[in-house]
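The values are calculated or read from the model by the stated rules, or taken from the named source; none is laboratory data. Everything numeric here is computed off the predicted structure, so don't read it as measured data. So basically every Cβ, Gly included, is an ideal-geometry build from the backbone, and we count neighbours across all protein chains shown. Note: accessible area is taken over every heavy atom of the protein model, side chains too, but ligands, DNA and RNA are not part of it. Shrake-Rupley method; radii C 1.70, N 1.55, O 1.52, S 1.80 Å.
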Amino acid sequence: MDVELREVHDSDLPVFYRQLNDPEALRMAAFTPKDPADRAAFDAHWKRIRSSGDVLRTILADGDVVGSAAVYGEPGEREVTYWVDRAYWGRGIATAALRGLLIQVTERPLYARAAADNKGSLRVLHKCGFQVTARARGFANARGEEIDEFVLHLEG
């Protein structure tokens with residue numbers, strides 16, 4: 001499968017919104033918006049982050065929009081995030097997309113967070129060179145409770 005990253009287009013947003021409202025994907029991601037079905041909040045969030053200067057990319061697999069990837073935050077504390085449509089899980093797309101993003105964004109260190117039980121995401125992060133440096137607890141909106149999460153770190 002050919003995986004590419006490109007700038008986010010307005011036409012990608014309805015796809016991202018649909019992906020964000022997949023119950024199984026929400027549960028796995030855990031740390032999601034309080035109300036992912038709130039379209040006005042979704043639109044406001046994307047408007048804000050698209051004007052922030054953060055690095056935002058659409059993930060394409062064989063030309064289809066299958067997710068998003070980003071690097072955001074303050075210098076020295078920047079964090080990666082990504083979302084791949086559940087229909088494409090297990091095909092190496094998240095790993096390829098994150099590797100591509102790490103080529104485009106050369107600054108280090110970078111950080112990531114993942115629910116401690118999100119084995120797929122942890123595998124992606126490890127394959128891309130991230131190492132677990134801390135364990136924390138945080139409120140996971142998608143699960144309605146505090147859960148364990150790992151904080152990961154990528155050096156130069």
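Some values worked out for this structure:
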{"read-out": "Residue satisfying condition, being surrounded by fewer than 18 Cβ atoms within 10 Å (Cβ to Cβ) and on the phi > 0 side of the Ramachandran plot, within set 138, 156, 129", "value": "129"}
{"read-out": "Lone qualifier among 93, 59, 103 - being in contact with a helix residue (DSSP H, G or I) (Cβ under 6 Å, 6 or more places away or on another chain), farther than 28 Å from residue 145 by Cβ and modelled with pLDDT of 95 or more", "value": "59"}
{"read-out": "Total residues in the range 78-106, condition open to solvent by 70 Å² or more (accessible area, probe 1.4 Å) and under 23 Å from residue 52 (Cβ atoms)", "value": "3"}
{"read-out": "Residue 136 small (Gly, Ala, Ser) and either assigned to a helix (DSSP H, G or I) or under 25 Å from residue 22 (Cα atoms) (or both)", "value": "no"}
{"read-out": "Condition check for residue 151: touching a residue at least 12 places away in the same chain (Cβ under 8 Å), outside any strand (DSSP E or B), under 15 Å from the mean Cα position of the chain (by Cα) and more than 21 Å from residue 36 (Cα to Cα)", "value": "no"}
{"read-out": "So residue 78, is it of a type in the set (Lys, Arg) and either under 16 Å from residue 113 (Cα atoms) or touching a His at 6+ places or on another chain (Cβ under 9 Å) (or both)", "value": "yes"}
{"read-out": "Only listed residue being surrounded by 12 or more Cβ atoms within 10 Å (Cβ to Cβ), touching a residue at least 24 places away in the same chain (Cβ under 8 Å) and farther than 22 Å from residue 79 by Cβ, chosen from 2, 38, 22", "value": "22"}
{"read-out": "Every residue from the range 5-19 that is touching a strand residue (DSSP E or B) at 6+ places or on another chain (Cβ under 7 Å) and open to solvent by less than 30 Å² (accessible area, probe 1.4 Å)", "value": "8, 12, 16, 19"}
{"read-out": "Meets criteria (closer than 27 Å to residue 146 by Cβ, among the hydrophobic types (A, V, I, L, M, F, W, C) and touching a helix residue (DSSP H, G or I) at 6+ places or on another chain (Cβ under 9 Å)) for residue 26", "value": "yes"}
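Yes/no per residue for (1) in contact (Cβ under 8 Å) with a residue 60 or more places away in the chain; (2) under 24 Å from residue 24 (Cβ atoms):
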{"position": "75", "(1), (2)": "no, no"}
{"position": "78", "(1), (2)": "no, no"}
{"position": "86", "(1), (2)": "yes, yes"}
{"position": "92", "(1), (2)": "yes, yes"}
{"position": "98", "(1), (2)": "no, yes"}
{"position": "102", "(1), (2)": "no, no"}
{"position": "111", "(1), (2)": "no, no"}
{"position": "116", "(1), (2)": "no, yes"}
